[in-house]
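Below is one structure, written out as structure tokens; the observations come after it.
The values are calculated or read from the model by the stated rules, or taken from the named source; none is laboratory data. Computed from a prediction, not measured in an experiment: that's the story for all the values here. A quick note on method: Cβ atoms are made from the backbone with ideal geometry, for glycine too, and the neighbour counts reach across all protein chains shown.
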Amino acid sequence: MHSSVNSNAAYGYVDNKRILNTSDEQGVVLYSKNKIDNFNIEPYYIYKTEAGFTAFNYVSPQALTSQTPRLNLNTFGARLLYDDSVWKARG
């Protein structure tokens, strides 16, 4: 449990409540499941974007800032499964 903070100047807190993320995020996941004979093929695509933001550090008397640029992530992948009466494999 996080205790409340008396100052809104503390990094990671807004209105004395701890924030989960420091930037706005959006994402999309596409997933498919296909069976061909003894093979299961499960391809996927994940797209995520995070807005750029300025982080403030109030440890010292002077506020130090750091800029974090916008982030775009693209991930492609697949899960493969083979299953017959004798052998099973996954990857």
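Numbers for the structure displayed
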item: Residues of region 65-81 that turn out to be modelled with pLDDT under 85 and under 16 Å from the mean Cα position of the chain (by Cα), as a count; result: 2
item: Of all residues in region 45-59 being at pLDDT below 65 and touching a strand residue (DSSP E or B) at 6+ places or on another chain (Cβ under 7 Å), the one that is farthest from Asn74 (Cα to Cα); result: Asn57
item: Selection status of Asp24, in contact with a strand residue (DSSP E or B) (Cβ under 9 Å, 6 or more places away or on another chain) and at pLDDT 75 or above; result: yes
